[in-house]
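J.: Here's a structure for you.
The values are calculated or read from the model by the stated rules, or taken from the named source; none is laboratory data. Just so you know, these numbers come straight off a predicted model, no measurement behind them. Methodologically, a virtual Cβ is constructed for each residue, glycine included, from the backbone with ideal geometry; neighbour enumeration extends over all protein chains shown.
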Amino acid sequence: MGESAAVTGVQIPSPRYRQSRRLLGLLLALLLASPSVRLATAVAQPGKTPAVALPPAGKTAQPTSVAPKIATPTARPIAGSRIKVASPGATASSVQKTSETKETTAAPQLPPPSKGLLEIHRAKLRNGLRVVMAPDPRAPTVSVCVTYDVGSRDEGPGQKGFAHLFEHMMFQGSLNLPKGDHSKLIAQRGGDDNGSTSSDLTNYYSTLPSSELRLGLWLEAERMKSLAVTRAKFENQRAVVSEEYREDVSNEAFGFGYLRLQELVFQGYDPYEHTPIGTMGDLDTAKVSWVKEFHRAYYTPNNAVLSIAGDFDPATTLAIVTDYFDDAVPGARPKYSPPLLIPQSSERLSVIEDYNTKAPGVYYGWRIPPSGKKHHTALQLQAAILGDGESSRLFQSLVRAKAKALNVSAWTEDHRGPDAFVIQIEIAPLSSIDKAQFFLAGELKRARLMGPSDAELAKAKARLRLQLLEEMESNEARATLLGEYEIFYGDARRLNERLAAIDTVTQEQVRAAAYIYLQPELRSVVEVYPEGWTVDPPPAFLSQVHIVRKGGNLIRIAKRYGSTVAAIAGKNGINPKRPIYPGQKLIIPIGARGQKPHPRIHTVKRGDNLIRIARKYGTTARAIAKTNGISTKRSIHPGQKLIIPPPEKKKRKKKRKKSKAESKKRKQTKASKLKRRKKSVKKSSKKRRSSKKALKTGKKSSSKKTQPKKSSKK
């Protein structure tokens, strides 16, 4: 113990003893600060959720009747080292390098990282699993994402929506994890997890504190190797997916219109003709046996990409990945054989009713090249110029200037295969689809012939760059994006080339892409009307909000909207004699002064002709043909949309007003007739007078007719 002095019965340590204690304390503090010791001392605490002991790396524990309890190791093992995993109640001495432990598979050597936006490391395990890592020490979090090369395009006949249904099954437990424990373990450590399914891929991602990276990797390896499937779990998740369908499609405004647009744009091309949500009919007929077959076919290491982003060491992490994923058995993925893509030669049109909408809307779609191919980036910029934000061309034209639409947007679907360029327009109350389409045609013609200005192109490029940087803002977004690029293009490092690809696009390339692909005859159109629109038009008294400006009054506002002062005052509960103020919001009842009703639209059915349709709506075949610009001699086809004019009122024949020349001629004719009449009357009266004179002189006319004597000429 060293020398000590006795003072009032108290033992006081000597200076040498105090110095040795300080050194010992400093050494102990340094030892406790070591990550390997923090790992070993992370044992279950009384009163807290018991930690769970991970199974030895490279092995899968046998199923037990009691759910295993996992104590998550938090250390970062050294690459190539042999690790003994902690069990509940383990101490620092229980986790150490030992020569008795079985040798693990050596991790593959990491090539130098790529330079650019992200530091990207790529590796490949012997079972075919591709590993992509992007370290970023700025925040003590890490995200793990496993992306499988399977989506709704891989679904077989009668299996529409099955890829999405299987995504839900991946959260229902595995051989060593009961149902719900996957997300529960992540949530207990302050993390979150989720999954998503698209037409081209399915990914599962989680975000955890960087000290819990090993747990995130073990959880993904566990469900890749040993998914637990039961009929009860399957039926439960089928009900969940059906509810999602009702929320995302059945209760979403214009949702049915979007599904119909996909069918038209990719007509005859089954991989993209339907969306990942699938159909209720196919979901109802799905079988449990399909789940096991689907997992065996597509959820294999050689069909997946493991991407990691955040605060971690690449070499150490690759060693852990090798430990947990190297024994996953590869499989033979079914060959993807897309059908022949038939070129589109004419416009495709469809009209549907949607009970979720209260005003009409329209979708326009064009088929364009796949993501990453020639012209695709130029078309992405064209979509940003036309309909991305309030400063876009279509918004300024259709919404601000012409008031023909409530909202306009344009985008590309960014498929791995044939892609789609989409424009959506929500029609304003006093407008119609035909009016909006007229102005849209002008803007598209301008895009095809003139191209964007320097300012428009610079703004569009800035928006695409901003979108890319926002997608890479979090570790979770970076991890999912790396997996997507690895699946789509075969190399995640192409993500670092994305900004350069955007910056090199020219104005002529944007114009040429629009000229090639955005032609009127190559588009597909889906017109969406509220339920009952084609039979019973909605009431004319629609509402619109008007913000009063300086100098505005009720008379001007009523005149502008075709309403009346009394109708506006009554709708807003104000006195029409009192003034209104700038900034005040008024609800305008449109059509209060007898606006034209919305046109009736008839969708031609099999067996219809113009005469039958005219009799049904109380009009004439000639009026229908004239309104729609068609000939009465030409036939109509099922699915064709016809605008029905209102019934014609019988008009009384009015006397035609005669011109001045006709009136003058008539007067002259009348005068000449009167003159001739007077002359004849005068002649007859003279004859009567001569007859009377003859009677008076006694000369009687003989009964025999005598020839009149010829008067001799003098």
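J.: Being touching a helix residue (DSSP H, G or I) at 6+ places or on another chain (Cβ under 6 Å) and over 23 Å from residue 133 (Cα atoms) is true for just one of 464, 482. Which residue is that?
T.: 464
J.: Which pairs have Cβ atoms under 9 Å, sit 6 or more apart or on different chains, and link a residue in segment 304-333 that is on the phi > 0 side of the Ramachandran plot and touching a residue at least 40 places away in the same chain (Cβ under 8 Å) to one that is assigned to a loop (DSSP other than H, G, I, E, B) and small (Gly, Ala, Ser)?
T.: From residues that are on the phi > 0 side of the Ramachandran plot and touching a residue at least 40 places away in the same chain (Cβ under 8 Å), the pairs are 310/139.
J.: Okay, moving on. Exactly one of (1) farther than 30 Å from residue 152 by Cβ; (2) out of contact with any His (no Cβ under 6 Å at 6 or more places or on another chain) is unmet by residue 314. Its number?
T.: Among (1) farther than 30 Å from residue 152 by Cβ; (2) out of contact with any His (no Cβ under 6 Å at 6 or more places or on another chain), residue 314 violates only (2).
Rundown of residues vs (1) under 19 Å from residue 483 (Cβ atoms); (2) outside the structural domain of residue 171 (by TED's automatic domain parsing); (3) not basic (Lys, Arg), yes/no style:
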{"position": "279", "(1), (2), (3)": "no, yes, yes"}
{"position": "283", "(1), (2), (3)": "no, yes, yes"}
{"position": "301", "(1), (2), (3)": "yes, no, yes"}
{"position": "304", "(1), (2), (3)": "yes, no, yes"}
{"position": "310", "(1), (2), (3)": "yes, no, yes"}
{"position": "315", "(1), (2), (3)": "no, no, yes"}
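J.: Just to be sure, is residue 334 touching a Ser or Thr at 6+ places or on another chain (Cβ under 8 Å) and either over 25 Å from residue 477 (Cβ atoms) or not polar (S, T, N, Q) (or both)?
T.: Criteria not met by residue 334.
J.: Is it the case that some residue within segment 300-308 is among the small types (Gly, Ala, Ser) and buried (at least 19 other Cβ atoms within 10 Å of the Cβ)?
T.: yes
J.: Can I ask one more? Residues that are without any contact (Cβ under 8 Å) to a residue 12 or more places away in the chain and either in contact with a Cys (Cβ under 8 Å, 6 or more places away or on another chain) or farther than 30 Å from residue 362 by Cβ (or both): does segment 243-255 have at least one?
T.: no
J.: Which numbered condition trips up residue 393, out of (1) among the charged types (D, E, K, R); (2) modelled with pLDDT of 95 or more; (3) closer than 30 Å to residue 490 by Cβ?
T.: That leaves (3) as the condition not met.
J.: What about residue 420, is it part of a helix (DSSP H, G or I), crowded, with 17+ Cβ neighbours inside 10 Å and either at positive phi or modelled with pLDDT of 95 or more (or both)?
T.: The answer is no for residue 420.
J.: Another one. Filter segment 435-485 for residues that are outside any helix (DSSP H, G or I) and in contact with a Lys or Arg (Cβ under 6 Å, 6 or more places away or on another chain); which is farthest from residue 500 (Cα to Cα)?
T.: Step by step, filter segment 435-485, then rank; the result is 451.
J.: Follow-up. Exactly one condition in (1) buried (at least 19 other Cβ atoms within 10 Å of the Cβ); (2) over 21 Å from the mean Cα position of the chain (by Cα); (3) outside any loop (DSSP other than H, G, I, E, B) is not met by residue 431; state its number.
T.: (3)
J.: I would also like to ask the following. Taking helices (runs of 4 or more DSSP H) that do not extend beyond segment 168-285, which have at least 2 residues that are within 30 Å of the chain's Cα centre (by Cα)?
T.: Helices (runs of 4 or more DSSP H) meeting the threshold: 231-245, 255-265, 270-273, 280-284.
J.: In addition: Among what's in segment 625-661 and is under 19 Å from residue 434 (Cβ atoms) and over 36 Å from the mean Cα position of the chain (by Cα), pick the residue that is modelled with the lowest pLDDT.
T.: In this case the residue turns out to be 646.
J.: Let me confirm something: among 458, 512, which residue is exposed (fewer than 14 other Cβ atoms within 10 Å of the Cβ) and at pLDDT 95 or above?
T.: Matching residue, one of 458, 512: 458.
J.: Is one or more of the residues making up segment 156-164 closer than 30 Å to residue 279 by Cα, surrounded by fewer than 18 Cβ atoms within 10 Å (Cβ to Cβ) and touching a Leu at 6+ places or on another chain (Cβ under 9 Å)?
T.: No.
J.: Same structure again: Would you say residue 211 is over 21 Å from residue 473 (Cβ atoms) and touching a residue at least 12 places away in the same chain (Cβ under 8 Å)?
T.: When the stated conditions are applied, residue 211 passes them.
J.: While we're looking at this one, here's another question. Inspect all residues belonging to segment 481-490 and state whether any of them is at pLDDT 90 or above and surrounded by fewer than 18 Cβ atoms within 10 Å (Cβ to Cβ).
T.: Yes; the residues of segment 481-490 include at least one that is at pLDDT 90 or above and surrounded by fewer than 18 Cβ atoms within 10 Å (Cβ to Cβ).
J.: Go through segment 400-409 and count every residue that is without any contact (Cβ under 8 Å) to a residue 40 or more places away in the chain and surrounded by fewer than 22 Cβ atoms within 10 Å (Cβ to Cβ).
T.: Residues meeting the conditions: 6.
J.: A further question follows. Which condition does residue 397 not pass, out of (1) touching an Asp or Glu at 6+ places or on another chain (Cβ under 8 Å); (2) in contact (Cβ under 8 Å) with a residue 60 or more places away in the chain; (3) outside any loop (DSSP other than H, G, I, E, B), if it passes all the others?
T.: With respect to (1) touching an Asp or Glu at 6+ places or on another chain (Cβ under 8 Å); (2) in contact (Cβ under 8 Å) with a residue 60 or more places away in the chain; (3) outside any loop (DSSP other than H, G, I, E, B), residue 397 is out only on (2).
J.: Which numbered condition trips up residue 371, out of (1) touching a strand residue (DSSP E or B) at 6+ places or on another chain (Cβ under 8 Å); (2) farther than 30 Å from residue 299 by Cα?
T.: Answer for residue 371: the failing condition is (2).
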